[in-house]
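To start, the structure under review is shown below, and the notes come after it.
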Amino acid sequence: MISNNRLTELEYQANFADIHPPFETRDAAAVEANRCLFCYDAPCIKSCPTSINIPKFIKQITTDNIKGSAHTIFVSNIMGAGCSKVCPVEKLCEGSCVYNLMHEEPINIAKLQRYSTEAAMANNWQLFSRKESNGKKVAIIGAGPAGLSCAHVLSREGTDVTIYEKEALGGGLMTYGIAAYKVTPEFCKAEVDYITSIGGIDIKYNQALGKDVSLKQLTEQYDAVYIAIGVGEARQLDIPGEDLAGVEDAISYIYHLRTSDYKEMPVGDRVAVIGLGMTAIDAATQAKRLGAKDVTIVYRRTYDEKPCTDVELDIAKLDGCQVEWLAAPKEIIGENGKVKQLVCSRMKLGEPDASGRKSPVDTGETFTLDVDMVIKAAGQMPFSELVNTEGLKNNYGKISVENKTVTNINKVFAGGDCVNGGKEVVDAVQAGKDGAAEILKFLGV
Amino acid sequence: MADLFTDFLGIKSPNPFWLASAPPTDKKINVLRAFEAGWGGVVWKTLGSQVKNVSSRYSAVDYHGSRVMGFNNIELISDRPLDINLKEIEECVKLFPDRAMVVSLMADNNRKAWHELIKKVEDRGAHGFELNFGCPHGMTERGLGAAVGQDPEITGMIVEWVMEAATIPVITKLTPNVHSVVPAGRAAVKAGTNALSLINTIQSVTGIDLDTLVPNPYVDGKSVFGGYCGPAVKPIALKMLTTIAQDPVTSRVPISGIGGVTTWKDAAEFMLLGSTSVQVCTAAMKHGFRIIEDLCEGLSNWMDEKGYRKTTDFIGKSVEKITHWEDLDINYHHVANINQDKCIHCGLCYIACEDTSHQSINLQYGKPYNTYTIKEEECVGCNLCKLICPVDNCITMVEQRVAPEYINWKEWQKQGLPLNDH
């Protein structure tokens, strides 16, 4: 049965509390910061898509130069605060920390980054100032990580930025697409406010491309346009029963979770989640934490090919989620229009596919899970139709670019998930920086 | 098992570890706790004319997240009445007759005052005196402490006065606030002191509060120079100790080594450079008396491993190994080697060598891990990379003699051998 209001207020609070609590004291941060070896040409820097000077910002914590530490982070990654909460650091900076090679715990880089950036936000330190206006105006579509990152660099350089955002809040995926125990809505709003506090960035909310504004219009009004619309549409399973009540897509499920009271969120007794990416983990854990009795993650391949990290999988397992390996959804069986069972094909591993991972091959055997809710998290699709309508050259919906960011339309640049098809927040932040650099070059400022 | 028993001029203690004259030894309750914990002896905090202390009294230097790398105090000699001190000394000696009880003294600068003080203290059971000619703060302004120790003539004069009256062994404690400790040491030995101890604390300013702009320690908006001690001063103490142990006059008497002794290894080093006993203060003030356990166990285990049955088997063994620069072998050469299996690719050796040394490390770029190798032909064997490397035995120095024969600088010059390697 799908129902809401399964838990007490206290249970909801506990289940959705911060999963990575911050350092409580300066001393605690200093102990960890002092462990850092201050590597030269550090592997952690090279493993960060935004190349934050990690040893430097950690050293600055040890010298009580927290303002400098925050600046070191933000100058490379203006969403450094959010990234400290959502980055899969185990496969990025922390994953390459040299302590791993000593079989020691890596430096807790994310937690230290959070320490400095949260201090900056809490004290509203203004660490950047705008250059004198260069008279140029740029429109950005989408106030997610790529858009905000691009906007911040442009504003620093004296360009006036207007962001058109289709939602009522900024932050993009950070605000609408990530498990609530990683970032709260309040934090996301505070982060957007902090980034835009530099000035020169005007966000117009509830303005969707293709509906409220068009690319043509924007290219006429502005000196350049940066498209950072992300991805959004959940990949369909294309199996019978997909339209039954109780079949949700993870993107919109998490979106609703992030925009409603927890107690209003309906969840099934027995939930199947399709896929094993980060979004699948988020959907599975959130369903469990909303009060689902059983959550089973259904994944086509094996542990070795899984797209999520070990750390993420551990979170799901510790929440009590099960994983059904080598299983692909075949059919959703309903009763009275509602989900009753999920029939899965048993797979085996075959030859490597285009991604280099061994491909799942149907063995012909099937098995059935009794479920009342199915959450689809088998990947996200770019906004193909929108991109085509606006005349943007693309590859199955992913906007085609040169020099990382230049589209086929004059004055129009693009970056982030809408170009790469969906990567981490930190990749989008870097894309925003690359976009801004190219736009500034284009504007000749 | 090794025997740690120590006989210092007849002052006997079950181990060579004495608590130095300082706050931990200024009253019965502390000293009894120390003896119960296992300390071999104490030097009772300096007795002399009545003084008055201020608040606060200590400050410290922290380093890389570790507290009290160096420690600083502006406390004076004992501020308790002499009678109480003497009564408690007597009680402690009775309760622990097998421990060394040395009493530190600092009388006013006249013969009568010293004779009177010695007379008052002598028959209370103490085994020896230590003359405090080193206190660098507070007492110096009165012409005492370091003011005495900095002037060999006055040092000798007072030691003479003391030796006229004392019937138990006398140790003269030297101040490090001089360009060399040897002149005062010689003066003391010539005047008849039975032994020397060193070092006392070093005058210092440990730091400044960057909000109030007042240096530490804070006394109502002001500060004064304090006496510096703790792990930070150990290398300076060892150097001064060596000069005393090598001097033909001062080396005639036993030495009690002091200055940053924190572990049994530090103690072994002081003893290898000539100390018969070692005195500890800062480490005990940081951790309590319980550190005596590992001091004894560690030293004993090391002695067992090395085959030393008693401390006199190794005391002074390193003294002759410190020589003059011009006697070093110029043909000795070693170069660094990086064990690639142990290397964690932190790059610390590279940047240190590249920026500040001899550009002898090669960087081969990798993502995320660079590979670092030694350019042997450039390496001068300075040790910097090895010292900086965070992995034990990852960088080792491999001997590559320039030539088999020994040749020192004097001989090199005499033979007119080439000077410039570059």
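Laboratory data are not the source of any read-out in this text; all were calculated from the coordinates shown. Note that the coordinates shown come from a computational prediction; the quantities given were computed from them, not determined experimentally. Neighbour counts are summed over all protein chains in view; Cβ atoms, including those assigned to glycine, are modelled from backbone coordinates with ideal geometry.
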Revision key, fill the gap. For the protein assembly as shown, the Cα-Cα pair-distance distribution in 20 Å bins from 0, as whole percents, is 12, 31, 26, 21, 9, 0
Check your understanding: Rounded, prolate or oblate: which fits region A:1-57 when a ≥ b ≥ c are the square roots of the eigenvalues of the alpha-carbon gyration tensor, with rounded for a/c under 1.5 and prolate only if a/b beats b/c?
Key -> oblate
**Study point:** Percent RCO, i.e. relative contact order, over region B:6-321, from Cα pairs under 8 Å lying at least 6 residues apart
**Key:** 18 percent
Practice item. Kindly identify region B:231-311 as rounded, prolate or oblate by the Cα gyration tensor criterion: order the square roots of the eigenvalues as a ≥ b ≥ c, call it rounded if a/c is under 1.5, otherwise compare a/b with b/c, prolate if a/b is larger, else oblate. Key: oblate
**Study point:** In nm, spacing of pseudo-spin labels at A:S355 and B:A113 (7 Å Cα→C-beta vector)
**Key:** 8.7 nm
Point to revise | Those residues of region B:372-404 whose amide nitrogen sits under 15 Å from the label point placed on B:W412, 7 Å along Cα→Cβ | key: B:380-382, B:401-404
**Study point:** Taking only Cα atoms of region A:235-379, radius of gyration then Dmax in Å
**Key:** 14.5, 46
**Study point:** Inter-label distance for B:I84 and A:Q126, nm, one decimal - labels placed 7 Å from Cα along Cα-to-Cβ
**Key:** 6.0 nm
Practice item. Output the peptides B:75-85, A:423-433, B:208-218 sorted from most to least packed, where packing is the average of other Cβ atoms within 10 Å over each peptide's residues. Key: A:423-433, B:75-85, B:208-218
**Study point:** B:K265-B:M69 pseudo-label distance in nm [points 7 Å out on the Cα-to-Cβ vector]
**Key:** 1.6 nm
Point to revise | FRET E, pair A:T366, A:N395, Förster distance 45 Å, beta-carbon r, rounded to 0.05 | key: 0.80
Check your understanding: To one decimal place, what Kirkwood hydrodynamic radius in Å is obtained for chain A from all pairs of distinct Cα atoms?
Key -> 22.9 Å
Check your understanding: Once you wrap a convex hull around the alpha carbon atoms of region B:161-252, what is its projected area averaged over all directions, in nm²?
Key -> 8.0 nm²
Exercise for review: Find the eigenvalues of the gyration tensor of the Cα atoms of region B:290-404, then list the square roots of 5 times those eigenvalues as equivalent ellipsoid semi-axes, largest first, in whole angstrom.
Suggested key: 35, 22, 12
Check your understanding: Does a label point 7 Å from the Cα of A:D193, set along Cα-to-beta-carbon, have any residues of region A:83-126 with amide nitrogen under 16 Å, and which are they?
Key -> A:118-126
Study note, to complete from the structure: Convex hull around the C-alpha positions of region B:6-321: the volume in Å³ per residue is 125 Å³
Revision key, fill the gap. Per-residue Cβ contact counts at 10 Å, fewest first, order B:W18, A:W125 as A:W125, B:W18
Review point. D for region A:18-122, whole µm²/s, Stokes-Einstein with Kirkwood Rh over alpha-carbon pairs at 37 °C and 0.692 mPa s: what number?
Key: 247 µm²/s
Study note, to complete from the structure: Exposure proxy check on B:E305, A:E157: fewest-to-most Cβ neighbours within 10 Å is B:E305, A:E157
Point to revise | Summed side-chain charge close to A:V192 - residues other than A:V192 whose Cβ falls under 12 Å, Lys, Arg +1, Asp, Glu -1 | key: -4
Point to revise | region A:119-251 - Rg and Dmax from Cα coordinates, angstrom | key: 17.3, 60
**Study point:** Exercise: per-residue mean of other protein chain Cβ atoms within 10 Å, A:33-40
**Key:** 5
Point to revise | Cβ-Cβ FRET estimate between B:D294 and B:D211, R0 fixed at 35 Å, reported to 0.05 | key: 0.35
Exercise for review: Hand me the GluC sites (Glu not before Pro) from region A:71-138 located in a DSSP loop with no more than 10 other Cβ atoms within 10 Å, in residue order please.
Suggested key: A:E132
Check your understanding: For A:K263, what is the net charge nearby, where nearby means another residue's Cβ is under 11 Å from its Cβ and Lys, Arg count +1, Asp, Glu -1?
Key -> -3
Point to revise | Reachable lysines, given that their alpha-carbon falls under 21 Å from the alpha-carbon of B:K367 and they are not under 8 places away in the same chain | key: A:K46, A:K56, A:K91, A:K404, A:K423, B:K342
**Study point:** Zone of B:N53's modelled label, taken as backbone nitrogen in region B:117-157 under 17 Å from a point 7 Å along Cα→Cβ
**Key:** B:135-140
Exercise for review: If a cysteine in chain B has no other Cys Cβ under 4.7 Å from its own Cβ, put it on the list, ordered by number.
Suggested key: B:C92, B:C135, B:C229, B:C281, B:C296, B:C343, B:C353, B:C379, B:C382, B:C389, B:C394
Exercise for review: Arrange the peptides A:44-50, B:310-316, B:230-236, A:279-285 so that the one whose residues have, on average, the most other Cβ atoms within 10 Å appears first.
Suggested key: A:279-285, A:44-50, B:230-236, B:310-316
Revision key, fill the gap. What the Cα atoms of region A:372-428 span along the principal axes, largest first and in whole Å, is 50, 28, 14
Revision key, fill the gap. If one compares the long axis through the Cα atoms of helix B:152-165 with the longest principal axis of the Cα atoms of chain B, the angle in degrees, nearest 10, works out at 40 degrees
Check your understanding: Which whole-angstrom value gives the distance between the alpha carbon centres of region A:252-314 and region B:345-422?
Key -> 56 Å
Revision key, fill the gap. The exposure ranking of B:W39, B:W412, B:W114, fewest beta-carbon neighbours within 10 Å first, is B:W412, B:W114, B:W39
Point to revise | Segment A:M1-A:Q13, extension gain: residue separation times 0.36 nm, minus the distance between their alpha carbons | key: 2.0 nm
Exercise for review: At q = 0.10, 0.21 Å⁻¹, work out log10 I(q)/I(0) for region A:326-445 with the Debye formula, treating every Cα as an identical point scatterer and leaving solvent out; two decimals please.
Suggested key: -0.54, -1.10
Point to revise | Per-pair calculated FRET efficiency, R0 = 35 Å: B:V402 and B:Q364 via Cβ, rounded to 0.05 | key: 0.75
Review point. What per residue convex hull volume, in Å³, do the alpha-carbon atoms of region A:334-401 yield?
Key: 142 Å³
